1. Restricting attention to the stretch 37-54, and to residues there that are surrounded by 10 or more Cβ atoms within 10 Å (Cβ to Cβ) and among the hydrophobic types (A, V, I, L, M, F, W, C), which single residue is farthest from G99 (Cα to Cα)?
2. Can you pull out the residues in the stretch 75-90 that are surrounded by 15 or more Cβ atoms within 10 Å (Cβ to Cβ) and over 15 Å from the mean Cα position of the chain (by Cα)?
3. What is the residue count in the stretch 5-36 for residues that are under 19 Å from I89 (Cα atoms) and surrounded by fewer than 11 Cβ atoms within 10 Å (Cβ to Cβ)?
4. Among the residues of the stretch 55-66, write down those that are part of a helix (DSSP H, G or I) and over 14 Å from V97 (Cβ atoms).
5. Step by step: first the residues of the stretch 1-30, then only those that are more than 18 Å from G73 (Cα to Cα) and not hydrophobic (A, V, I, L, M, F, W, C), then the one that is modelled with the lowest pLDDT. Which residue is that?
Amino acid sequence: MKLAADISASAISNILLWQHRLGAALSVRYLLPAAGSALVLQFGDVDALRETPQGRYVLAHMPPSAMAVRLTGDAIMAWGSWRRSPKLIGIGIAVIVAGWSHGLVEPEPDETDDADSGYFEE
């Protein structure tokens, strides 16, 4: 639900940026998702969310580097909307998808993280 709200806010913001309505676009793009996150943290059952397949995916495959990739894609998409460039918007979307696909290209942590690998043994 939160992800759908974030995607909707981004889409609406892109339309506003296309129309060069910067203040409204930035408000929709950043304030609405921040408010949604605050509501989820305040009223949502975050512990139950961690146990869902989506929650486990995010916990396992959303390191700061993947978040930075998604943020970069969002910035490219916003810039493309401002410049009225479908090509830049498409590139931004592709970068965001790459950020979300971290788990598809990185093996599961349990598969490569072996505490008994001997690296620190004497």
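1. L39
2. Our first condition is that a residue be surrounded by 15 or more Cβ atoms within 10 Å (Cβ to Cβ); within the stretch 75-90, this holds for 76-82, 85, 88-89.
Once the filter is applied, which keeps residues that are surrounded by 15 or more Cβ atoms within 10 Å (Cβ to Cβ) and over 15 Å from the mean Cα position of the chain (by Cα), the stretch 75-90 yields W79, G80, S81, W82, S85, L88, I89.
3. Count: 1.
4. Those that are part of a helix (DSSP H, G or I) and over 14 Å from V97 (Cβ atoms): G55, R56, Y57, V58, L59, A60, P64, S65.
5. Step by step, filter the stretch 1-30, then rank; the result is K2.
Residues checked against (1) in the same structural domain as A11 (by TED's automatic domain parsing); (2) among the polar types (S, T, N, Q); (3) at pLDDT below 85:
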site	(1), (2), (3)
L32	yes, no, no
S37	yes, yes, no
R56	no, no, yes
H61	no, no, yes
A66	no, no, no
W79	no, no, no
G90	no, no, no
V95	no, no, no
L104	no, no, yes
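The values are calculated or read from the model by the stated rules, or taken from the named source; none is laboratory data. From a predicted model like this one, the values you see are computed outputs, not experimental measurements. Every residue, glycine among them, receives a Cβ derived from its backbone with ideal geometry; neighbour counts consider all protein chains shown.
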